[in-house]
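Each value in this text was obtained by applying a stated rule to the coordinates, not by laboratory testing. None of these values were measured; they are calculated from a predicted model. So basically every Cβ, Gly included, is an ideal-geometry build from the backbone, and we count neighbours across all protein chains shown.
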Amino acid sequence: MPRDDAFRKVMKTVTRVREPGAKPEEDLKSMDRYICDLCHGIREREEMIQCGFCGRWICRKNCWEEELKACESCSGLILLAKDETERDDSS
Ligand SMILES: [Zn+2]
Ligand SMILES: [Zn+2]
């Protein structure tokens, strides 16, 4: 149940980089390739995933935390928020 609180906390802390549904940044030199917003690697469209928290388009391989369903940048904030929420609960 504290999961929801943590989620809301994260949404408040995260800076939205892109709007949901916005397209990833295209690599201008190659066709159908996109640039990861975190590691700036050039990836195929299928390798890209949009983080639901910050809206960044990132590559699954390097920058996606499958367990948290968030990008690496947001996953740090999620863990922090979870920690805080759990501490609030026990006090
Ligand atoms: Zn990446
Ligand atoms: Zn993110």
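With the requirement that a residue be surrounded by fewer than 16 Cβ atoms within 10 Å (Cβ to Cβ) and either in a helix (DSSP H, G or I) or in contact with a Gly (Cβ under 8 Å, 6 or more places away or on another chain) (or both), what does region 65-78 give you? If you could, list the steps in order and put the result at the bottom.
Pass one, region 65-78, residues surrounded by fewer than 16 Cβ atoms within 10 Å (Cβ to Cβ): 66-67, 69, 76.
Hits for region 65-78 are LYS69, GLY76.
Among the conditions (1) in contact (Cβ under 8 Å) with a residue 24 or more places away in the chain; (2) under 22 Å from LEU79 (Cα atoms), the only one that GLU19 does not satisfy is (2).
Look at region 66-81: where a residue is over 11 Å from CYS51 (Cβ atoms) and in contact (Cβ under 8 Å) with a residue 40 or more places away in the chain and a partner is assigned to a helix (DSSP H, G or I) and aromatic (Phe, Trp, Tyr), sitting 6+ places away or on another chain with Cβ atoms under 8 Å, you get ALA81/PHE7.
Remark: pairs (first residue in region 44-55, touching a residue at least 12 places away in the same chain (Cβ under 8 Å) and within 16 Å of CYS74 (Cβ to Cβ); second residue in a helix (DSSP H, G or I) and within 14 Å of ligand 1 (Cβ to nearest atom); Cβ separation under 7 Å; 6+ apart in sequence or on different chains) = ILE49/ARG60; CYS51/CYS74; PHE53/CYS74; CYS54/SER73; CYS54/CYS74.
Report, by residue number, each residue of region 40-64 that is in a loop (DSSP other than H, G, I, E, B) and either more than 13 Å from ligand 2 (Cβ to nearest atom) or more than 13 Å from the chain's Cα centre (by Cα) (or both). Don't jump to the end; show me each part of the working.
Step one: of region 40-64, the residues in a loop (DSSP other than H, G, I, E, B) are 40-41, 51-56.
Within region 40-64, HIS40, GLY41 qualify.
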